[in-house]
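In what follows, a single structure is set out as structure tokens and then discussed.
The values are calculated or read from the model by the stated rules, or taken from the named source; none is laboratory data. All of these numbers come straight from a predicted model, not from anything done at the bench. As a convention, Cβ positions derive from the backbone with ideal geometry for all residues, glycine included, and neighbour counts pool all protein chains shown. Keep in mind that these areas ignore ligands, DNA and RNA; they rest on the heavy atoms of the full protein, side chains included. Shrake-Rupley method; radii C 1.70, N 1.55, O 1.52, S 1.80 Å.
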Amino acid sequence: MIKRFSWVAALLLVVGTAQATEASPRPGGVALIELGSAALPPPRVTLDDKPLLVMKRDGLWVAVAGIPLDTAPGEWPVMIDGQRKTVTVAAHTYREQRITVENESFVTQSQEQLDRIFRERKIIDGVLGSFRDVPIDGIALAAPINGSRSPSFGYRRYFNDQPRSPHKGMDIAGKTGDPVIAPRAALVAATGDYFFNGNTVLLDHGQGFVTMYCHLSDIAVKQGQTVDIGDVIGAVGATGRVTGPHLHFGTYLNGTAVDPAIFLPAVGASAGT
Ligand code: ZN
């Protein structure tokens with residue numbers, strides 16, 4: 001059963017007027033590429049032969065490309081109707097983070113655990129790499145919970161001094177059981193209890209725009225159902241590889257992790273308590 005909060009109307013207002021969605025052409029950021037009048041059919045925009053999100057904004061078609069964290073600064077090519085166009089990607093150095101975890105299995109895994117991680121990785125990558133071709137009228141997101149946001153996206157992480165993949169989301173403070181809401185209308189693409197991510201929900205907002213919610217104590221939705229902005233999708237928890245309860249919030253475009261802060265309203269602008 002999906003619950004909805006009374007402040008959803010206020011939330012819609014906030015999202016509708018959010019100015020937080022900005023071009024941020026750095027590794028882990030987004031490039032907004034204007035494509036011409038929306039009175040004409042949209043051009044096809046691709047990156048490595050994969051389609052990019054194209055939305056209508058202020059009477060123009062605009063492509064929204066996620067720039068992978070490992071992109072070198074400089075000219076970055078996309079194809080627009082078969083023509084090469086470059087975006088200038090700025091240099092950006094993310095901070096280093098060193099984490100000590102007691103459960104050694106979260107640092108070095110057994111073969112059985114590696115097999116499980118591999119199976120789960122395929123499910124997650126399948127969702128991130130999918131392209132559901134539906135119209136999109138914006139990319140602004142409501143805050144999924146109203147906790148304080150750690151600027152931890154992109155951190156280069158070491159677990160017990162061993163290098164691991166960079167942190168591909170934003171950690172938001174919360175208590176176990178706090179409701180997590182859908183930040184925009186979506187199809188529930190997958191749910192599961194994953195080794196590192198714990199209880200997880202993946203939402204598909206269309207055209208490769210995917211959001212991810214990890215370490216949940218409870219999952220309130222099922223794969224294949226649709227959710228609207230403000231619908232409760234689960235609750236904050238401490239499942240998977242964590243040091244305490246919080247929400248790991250991931251945002252993805254064209255299969256690549258980008259900084260969730262780009263899509264959220266400024267801190268203090270969000271509704272609710
Ligand atoms: Zn995290």
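Along Cα→Cβ, 7 Å out, is where each label goes; now give me the distance between the ones at residue 193 and residue 34 in nm to one decimal.
Reported label-point gap for residue 193 and residue 34 is 5.2 nm.
Which value, in Å² and to the nearest 10, is the accessible area of residue 165 when all protein chains are kept and the probe is 1.4 Å?
60
Go ahead and estimate [θ] at 222 nm for the chain from helices alone: -39,500 (n - 2.57) per DSSP H run with n ≥ 4, summed, over the residue count, rounded to 500.
Computed mean residue ellipticity for the chain: -3500 deg cm²/dmol.
Considering only DSSP states other than H, G, I, E and B, which trypsin sites (Lys or Arg not before Pro) in segment 166-269 qualify as loop sites with at most 10 other Cβ atoms within 10 Å?
Sparse-neighbourhood loop trypsin sites (Lys or Arg not before Pro): 222.
State, as an integer percentage, the relative contact order of the chain based on alpha-carbon contacts under 8 Å between residues 6 or more apart.
Normalised by residue count, the contact order of the chain is 23 percent.
What percentage of the solvent-accessible surface of the chain, computed with a 1.4 Å probe over protein heavy atoms, is contributed by carbon and sulfur atoms?
Values: 6830 of 13120 Å².
C and S fraction of accessible area: 52 percent.
Show the residues, 5+ positions off or on another chain, whose built amide H is closer than 5 Å to the amide H of residue 26.
Those lying under 5 Å, H to H, from residue 26 are 90.
Go through 249, 39, 109 and say which Cα lies farthest out towards the positive end of the charge dipole of the chain; charges sit on Cβ, +1 for Lys and Arg, -1 for Asp and Glu.
The residue sitting farthest along the positive end of the dipole is 39.
Give me the 1.4 Å probe accessible area per residue for the chain, excluding ligands and nucleic acids, in Å².
Roughly 48 Å² per residue, with all protein chains present.
Per residue of segment 28-37, what does 6.51 cos²θ - 1.76 cosθ + 1.60 with θ = phi - 60° give for ³J(HN,Hα)? Whole Hz please, x for Gly and Pro, Karplus curve as stated.
Residue by residue, segment 28-37 yields x, x, 10, 10, 9, 10, 6, 10, x, 4 Hz.
Restricting the count to DSSP beta bridges whose residues both fall in the chain, what percent are antiparallel, rounded to a multiple of 5?
Antiparallel bridges: around 95 percent, rounded to the nearest 5.
Using Cα pairs under 8 angstrom and six or more residues apart, how large is the relative contact order of segment 74-214, in percent?
Answer for segment 74-214 is 24 percent.
Find the Cα radius of gyration of the chain, compare it with 2.2 N^0.38 Å by division, and give the number to two decimals.
The reported ratio for this selection is 0.99.
On a full-extension model of 0.36 nm per residue, what is the gain between residue 162 and residue 150, subtracting their alpha-carbon distance, rounded to one decimal in nm? Numbers along the way, then the final one.
Numbers: separation 12, 0.36 × 12 = 4.32 nm, distance 2.24 nm.
Gain on extension, residue 162 to residue 150, equals 2.1 nm.
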